[in-house]
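The values are calculated or read from the model by the stated rules, or taken from the named source; none is laboratory data. The shown structure was predicted, so the numbers you read here are calculated from the model rather than taken from an experiment. Because the Cβ atoms are built from the backbone with ideal geometry, glycine has one as well, and the counts that use them run over all protein chains shown.
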Amino acid sequence: MKNILVVEDDRGLREGIELALRRDEFAFTLCESMGKARTAIMGGTAFDLVLLDINLPDGSGYDLLKEIKENHGEIPVIILTANDFEMDEVRGLELGAEDYITKPFSLMVLRARIDKALKNAGKGRKEVYRFGEFFFCFEDMLVKRGEEEIVLSKTELKLLQILVENKNIVLGRERLIDKIWTDGAEYVDENALSVTVNRLRTKLNESGEGHLQTVYGKGYVWKI
């Protein structure tokens with residue numbers, strides 16, 4: 001499933017895009033302003049593509065484009081705008097947009113451009129996760145909360161990765177032990193898992209009501 005964020009103040013157009021391009025592998029989030037788009041981006045959904053209007057009611061889409069590329073550079077952005085001046089297109093591309101489409105446009109062309117951007121984005125793209133202030137890239141062993149990088153042990157990182165990749169699914173203690181301690185050890189004390197969870201929770205500064213939750217009698221879950 002590919003998650004596409006549509007930032008467009010024209011309700012008819014943004015809903016028309018969703019209706020025309022709705023496919024089993026696409027899920028759309030529709031926003032009419034920069035403020036709502038920022039909230040959506042920080043909400044934990046890993047967007048695969050952004051369709052971005054430039055003339056928005058609460059500011060310039062160029063500013064949002066710059067923010068996306070500075071903080072979430074792996075997300076491809078296609079600009080949709082009525083601005084057909086060459087300098088506007090140059091500015092958008094210089095700020096990192098993957099494509100620039102002027103209104104009115106053919107939905108068939110838009111679909112082709114989306115497919116192309118998604119295909120190109122998949123080349124060498126690393127899987128990243130965002131949950132509010134948290135940023136995780138397990139391939140690079142990078143864990144951050146805001147601007148602060150959090151150093152985890154290999155065991156803590158492995159536990160976090162398993163929980164995040166199975167978000168909202170309660171994982172039992174035995175299953176977690178089997179997945180984390182795969183070095184062939186015949187016996188692992190269950191207390192080792194409790195200690196690892198507590199250390200991870202402390203380093204992430206997560207309370208019992210945060211993302212990392214204990215489900216008593218069942219196991220643990222990364223809740224969003």
Selection over segment 67-84 where residues are farther than 13 Å from Arg130 by Cβ, in a loop (DSSP other than H, G, I, E, B) and of a type outside the set (A, V, I, L, M) yields a count of 3
Looking for whichever is within 22 Å of Arg111 (Cα to Cα), out of contact with any strand residue (DSSP E or B) (no Cβ under 6 Å at 6 or more places or on another chain) and at pLDDT 90 or above here; the options are Gly16, Gly35. Which one fits?
Gly16
Pick from Leu64, Leu52: which is part of a strand (DSSP E or B) and either free of Cβ contacts under 8 Å to residues at least 40 places away in the same chain or in contact with a helix residue (DSSP H, G or I) (Cβ under 7 Å, 6 or more places away or on another chain) (or both)?
Leu52
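Yes/no matrix, rows are residues, columns are (1) over 13 Å from the mean Cα position of the chain (by Cα); (2) outside the structural domain of Leu93 (by TED's automatic domain parsing); (3) of a type in the set (S, T, N, Q); (4) more than 22 Å from Gly96 (Cβ to Cβ):
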residue: Val7; (1), (2), (3), (4): yes, no, no, no
residue: Gly12; (1), (2), (3), (4): yes, no, no, yes
residue: Met42; (1), (2), (3), (4): no, no, no, no
residue: Ser60; (1), (2), (3), (4): yes, no, yes, no
residue: Leu65; (1), (2), (3), (4): yes, no, no, no
residue: Pro76; (1), (2), (3), (4): no, no, no, no
What are the pairs with Cβ atoms under 6 angstrom where one residue, in segment 125-154, is in the same structural domain as Pro76 (by TED's automatic domain parsing) and free of Cβ contacts under 8 Å to residues at least 24 places away in the same chain and the other, located anywhere, is loosely packed, with under 10 Cβ neighbours inside 10 Å and part of a loop (DSSP other than H, G, I, E, B)? Sequence gap at least six, or different chains.
none
Going by the structure shown, is Leu5 out of contact with any Pro (no Cβ under 8 Å at 6 or more places or on another chain) and either touching a residue at least 40 places away in the same chain (Cβ under 8 Å) or not hydrophobic (A, V, I, L, M, F, W, C) (or both)?
yes
Any residue in segment 72-100 that is over 24 Å from Gly43 (Cα atoms) sitting within a Cβ distance under 8 Å of a residue that is aliphatic (A, V, I, L, M) and assigned to a loop (DSSP other than H, G, I, E, B)? List the pairs, counting only those 6 or more apart or interchain.
Thr81/Ile54; Asn83/Ile54; Asp88/Ile54; Gly92/Ile54
Would you confirm whether or not segment 138-145 contains a residue that is among the charged types (D, E, K, R), within 29 Å of Gly217 (Cβ to Cβ) and part of a helix (DSSP H, G or I)?
no
